[in-house]
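As structure tokens, the structure follows; a few thoughts come after it.
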Amino acid sequence: MSLPGLTPQRFQQFRRLHGAVAPFVLAPLLITVCSGMAYRLLKDWAGLGRDQVHLLMVLHEGEWLGKALEPIYVLLNGLGLLWMLITGATLVLQRWRQGQRVGRSAEPSRPAEPGP
């Protein structure tokens with residue numbers, strides 16, 4: 001059982017696209033995640049003020065790109081994350097289903113028990 005419309009050739013193409021997009025999505029997502037976590041933890045646990053950690057929020061929201069590019073950064077960051085989540089989940093699900101199918105066919109068949 002495989003995902004509808006996901007032929008082996010299409011699966012390989014899907015994997016290539018997932019891998020091709022990953023390097024472009026990685027850095028912005030890492031910046032967003034790390035700056036967001038650092039902002040919240042430094043503010044709450046380290047007791048720093050909002051002004052002291054403002055630079056982290058500038059990084060987190062993409063303000064460093066300027067007013068015109070900030071919304072584009074946020075949009076592309078969100079779309080990139082959704083793309084990686086959806087394609088990654090699809091690839092994992094397909095691999096898991098293939099593993100189930102292979103596992104079933106690899107089981108030795110039991111001989112029929114003799115009747116009374």
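Near Cys34: Cβ cut-off under 15 Å, other residues only, Lys/Arg at +1 and Asp/Glu at -1. The net charge is +1. A dipole drawn for the range 43-105 from +1 and -1 charges on Cβ atoms has a positive end, and of His54, Gln100, Ile86 the residue lying farthest that way is Gln100.
Say R0 is 22 Å: what FRET efficiency, to the nearest 0.05, do Lys67 and Leu41 get from their beta-carbon distance? Please report the intermediate quantities before stating the final value.
Values: r = 28 Å, r/R0 = 1.28.
For Lys67 and Leu41, the calculated efficiency is 0.20.
For the range 52-63, 3J(HN,Hα) computed residue by residue from phi via the Karplus equation (6.51, -1.76, 1.60; θ = phi - 60°) reads 6, 10, 4, 4, 5, 6, 4, 5, 4, 8, x, 4 Hz, glycine and proline entered as x.
Mean separation of Cα pairs under 8 Å and 6+ residues apart, divided by the residue count of the range 20-102: what relative contact order is that in percent? All intermediate terms of the calculation are to be shown ahead of the outcome.
On the way: 41 pairs, mean separation 23.6, N = 83.
Result for the range 20-102 is 28 percent.
Computed about the Cα centre, the dipole magnitude for the range 20-102 is approximately 480 debye when only Lys and Arg (+1) and Asp and Glu (-1) carry charge, each at its Cβ. For the range 1-103, trypsin sites (Lys or Arg not before Pro) are listed when DSSP marks them as loop and at most 10 other Cβ atoms sit within 10 Å of their Cβ; the list is Arg50, Lys67. Here the Kirkwood formula, the inverse mean of 1/r across different C-alpha pairs, assigns the range 1-85 a hydrodynamic radius of 15.0 Å.
Every number in this text was worked out from the coordinates using simple rules, so none of it is lab data. Computed from a predicted structure; not experimentally measured. Positions of Cβ are generated from backbone atoms using ideal geometry, with glycine treated the same way; all protein chains shown enter the neighbour counts.
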